[in-house]
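Below: one structure, written as structure tokens.
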Amino acid sequence: MQTLRRSTVLFTCLLIAACGSTPPLAPGRSRASLISAEQSRDAAIHAMGLVGTPYRYGGNTVDGGFDCSGLIGFVYRQSAGLATPRTVARLADFGEPVAFDALRTGDLVLFGGGRPTHAGIYVGENRFVHAPSTGGEVRLDRLDGPYWSRQRVEVRRP
């Protein structure tokens, strides 16, 4: 009877430990990411390929044009099969926050502070792709450029 009780206690302890442990990660994934590093790089490359596409408020297709969140949604859906929020405000809670000094290709850069008003996809070397404004087109800009360096930026990792 005592052996059965010890076995039961041991089994219960193992079960509790297993339930409380963190599951192993798939190769190439981090705790703070819904997609792999390879998928993040693919998203950045895909975003760069869309430079020159016309801006259109509410746009989310190559043929119809993009606004900033439409561009992000299109890129992540196509390159990683990931659905992203449709508005910049909702992107502020999407994925995980990342320190600016930990920025990697494929991360989202959100501008405007606690209530962001614009977003883009970081593509490396201090550059990001975004759909900036009515009458414009998707373009590649620098985070350290004259305008963007003065903006408050937050980083989110899908």
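Read-outs throughout are calculated quantities, based only on the coordinates presented, and are distinct from any laboratory measurement. Small disclaimer: the values here were computed from a predicted structure and weren't measured. Please note: Cβ atoms are built from the backbone with ideal geometry, for glycine as well, and neighbour counts cover all protein chains shown.
Over the range 33-157, what is the relative contact order in percent, taking alpha-carbon pairs closer than 8 angstrom and at least six residues apart?
29 percent
From the phi of every residue in the range 53-63, what ³J(HN,Hα) in whole Hz does the Karplus formula 6.51 cos²θ - 1.76 cosθ + 1.60 yield, where θ is phi - 60° and glycine or proline is x?
Computed from phi, the couplings for the range 53-63 are 5, x, 7, 8, 4, x, x, 8, 9, 5, 5 Hz.
Where Lys and Arg each count +1 and Asp and Glu each count -1, what net charge lies around LEU108 among other residues with Cβ under 10 Å from its Cβ?
Spelling it out: positives minus negatives among the neighbours equals 0.
Magnitude of the Cβ-charge dipole of the range 33-157, K/R +1 and D/E -1, about the Cα centre, nearest 20 debye?
Here the range 33-157 has a charge dipole of around 240 debye.
On a full-extension model of 0.36 nm per residue, what is the gain between ALA102 and ARG142, subtracting their alpha-carbon distance, rounded to one decimal in nm?
Answer, rounded to one decimal: 12.7 nm.
Using label points projected 7 Å from each Cα along Cα→Cβ, tell me how many nm separate ARG90 and VAL51, to one decimal.
According to this spin-label approximation, the distance is 3.0 nm.
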